[in-house]
Amino acid sequence: MSDTSSARRHSVLIVGAGPAGLSAALALRKHGIDVLVIERRGPDSPRPGSRAAYLHGQTLRHFEAISPGLGRRVADAGIMWHTKRTLWRGRDIYCQTYPAPDPEDLPPFTSLPQTRTEDIMLEACIAAGVEFEWDCNIVNITSDTSGVLATDSRGYRWEADYVLGADGARSAVRSAIGVSLEGPRTNHEFVVVDLAHTPEADTPTERVFHYQNPRLGGRNTLAVPFAGGWRVDLSLNSDDDASTFTTPEGLSDWIPKVMSREYVDRVTWVSTYRFAQQTATALTDTHRRVLLCGEAAHLFAPFGARGMNSSVPDSISAVSAVELALEHGPRTPRAHAAIELFERERLDAARYNRACADLALQHMTGASRAIRVKQRIAASVAIWGRKTGKWLDSAPYGPPLAARRGKAAAY
């Protein structure tokens with residue numbers, strides 16, 4: 001790009017090349033709308049950790065809708081574990097094995113590191129003719145009734161009819177339009193570790209949740225396989241020093257208490273989190289020209305996998321509103337109504353998903369005496385009946401998405 005005067009005005013600028021931004025780009029190209037994706041990273045920049053490693057079947061179907069074949073490629077790159085198991089203080093209390101899905105259909109889920117999902121989506125975007133501007137850090141956004149002006153850290157200016165802010169938890173777009181996040185952060189810390197697969201280990205490919213693991217002083221643990229490795233979560237006590245669990249010595253001590261000992265030397269990433277439970281106070285600017293999607297719009301605790309899996313429908317909904325606005329003219333009442341409908345529906349969805357994630361989080365941490373008593377009673381009778389075991393197995397993930405019957409916005 002040469003200078004400000006030669007910069008071409010785009011119908012839509014997308015800030016951020018994560019799953020939300022790439023989904024929006026594919027949806028826009030499906031409608032024949034020109035789009036430029038601006039990303040602060042370089043195309044080959046390293047991205048640490050598996051991050052969002054679980055894609056719901058609904059997300060795979062969304063991918064198919066915006067780019068035929070994309071859902072299948074993502075599903076085939078991931079794995080579907082067929083057994084989920086729950087333990088209570090060292091005792092098995094629930095186990096369910098699902099039959100293999102029909103190979104002609106998309107699976108009910110796939111487990112794949114987010115980095116690999118993004119790579120597959122990027123390939124689809126390039127094939128669809130999406131333009132990218134890499135190593136470009138947007139520092140300001142201004143809008144009026146005629147459109148949006150974005151300025152990057154080099155002083156370049158970008159004009160567009162609409163901007164979609166999909167630039168993550170520290171969104172510069174969100175800050176520029178004066179929108180904040182509201183909601184708490186967790187008091188409990190969690191250690192999250194990625195382990196590379198090792199064929200020498202005899203660990204079954206199962207999702208295992210362990211309440212009050214006696215080998216770890218009664219702390220909860222969760223182990224989930226994904227293509228190429230494992231994600232292990234350790235829920236710390238409120239008085240724990242997280243650093244004692246993240247040093248090489250600390251990892252060597254507790255990883256073998258959850259996984260086969262061979263995994264001690266297979267740690268590829270480790271981090272600690274106090275998870276945010278936050279939603280944006282608004283999803284558009286006052287001129288209805290800037291729309292927020294994904295983690296620019298909401299942050300959830302990961303239990304139930306509601307983050308990326310709600311970011312994709314955020315983006316598709318935003319694109320539907322923008323497409324209608326461009327068709328009828330951005331200054332028309334119908335255009336404003338479309339953007340406002342997007343905001344209402346996706347804020348509603350974000351608040352619902354936050355509430356669900358919060359229920360799961362309370363269950364994970366035993367946040368109240370009532371929850372702890374209910375867990376103990378359920379565990380004590382689970383050996384005689386599957387119903388309580390099933391509840392203990394599913395509760396850490398919050399209500400299922402389908403629980404909100406007739407409300408597609410909940411996805």
Looking at segment 337-352, can you tell me whether even one residue there is open to solvent by 20 Å² or more (accessible area, probe 1.4 Å) and touching a His at 6+ places or on another chain (Cβ under 7 Å)? no
Criterion first (of a type in the set (S, T, N, Q), in contact (Cβ under 8 Å) with a residue 24 or more places away in the chain and open to solvent by 50 Å² or more (accessible area, probe 1.4 Å)) does Thr279 satisfy it? no
All positions within segment 249-270 that are more than 11 Å from Leu195 (Cβ to Cβ) and at pLDDT 95 or above: Glu249, Gly250, Ser252, Asp253, Trp254, Pro256, Lys257
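Residues checked against (1) free of Cβ contacts under 8 Å to residues at least 40 places away in the same chain; (2) of a type in the set (Phe, Trp, Tyr); (3) more than 17 Å from Gly42 (Cα to Cα):
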position: Gly129; (1), (2), (3): no, no, yes
position: Ser146; (1), (2), (3): yes, no, yes
position: Leu149; (1), (2), (3): yes, no, yes
position: Ala160; (1), (2), (3): no, no, yes
position: Asp167; (1), (2), (3): no, no, no
position: Leu181; (1), (2), (3): no, no, yes
Count - residues of segment 181-198 that are in contact with a Lys or Arg (Cβ under 8 Å, 6 or more places away or on another chain) and open to solvent by 60 Å² or more (accessible area, probe 1.4 Å): 3
Matching residues in segment 187-220 - criterion: being over 21 Å from Gly78 (Cα atoms), at pLDDT 90 or above and touching a helix residue (DSSP H, G or I) at 6+ places or on another chain (Cβ under 8 Å): Val191, Tyr211, Asn213, Arg215, Leu216, Asn220
May I ask you to list the residues in segment 97-112 that are under 23 Å from Asn309 (Cβ atoms), open to solvent by 20 Å² or more (accessible area, probe 1.4 Å) and at pLDDT 90 or above? Asp105, Leu106, Pro108
Residue check for Pro330: over 26 Å from Thr59 (Cβ atoms), open to solvent by less than 50 Å² (accessible area, probe 1.4 Å) and not hydrophobic (A, V, I, L, M, F, W, C): yes
Which residues, counting only those in segment 233-252, are in a strand (DSSP E or B) and either polar (S, T, N, Q) or in contact with a helix residue (DSSP H, G or I) (Cβ under 7 Å, 6 or more places away or on another chain) (or both)? Leu234, Ser235
All conditions in (1) under 27 Å from Lys390 (Cα atoms); (2) open to solvent by less than 50 Å² (accessible area, probe 1.4 Å) are true of Gly69 except (1)
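The values are calculated or read from the model by the stated rules, or taken from the named source; none is laboratory data. As the structure is a prediction and not an experimental result, all values here were calculated from the model. Reconstructed Cβ throughout: ideal geometry from the backbone, glycine too, with neighbour counts over all protein chains shown. Side chains are part of the model used for accessible areas, which takes the heavy atoms of the whole protein and leaves out ligands, DNA and RNA. Shrake-Rupley method; radii C 1.70, N 1.55, O 1.52, S 1.80 Å.
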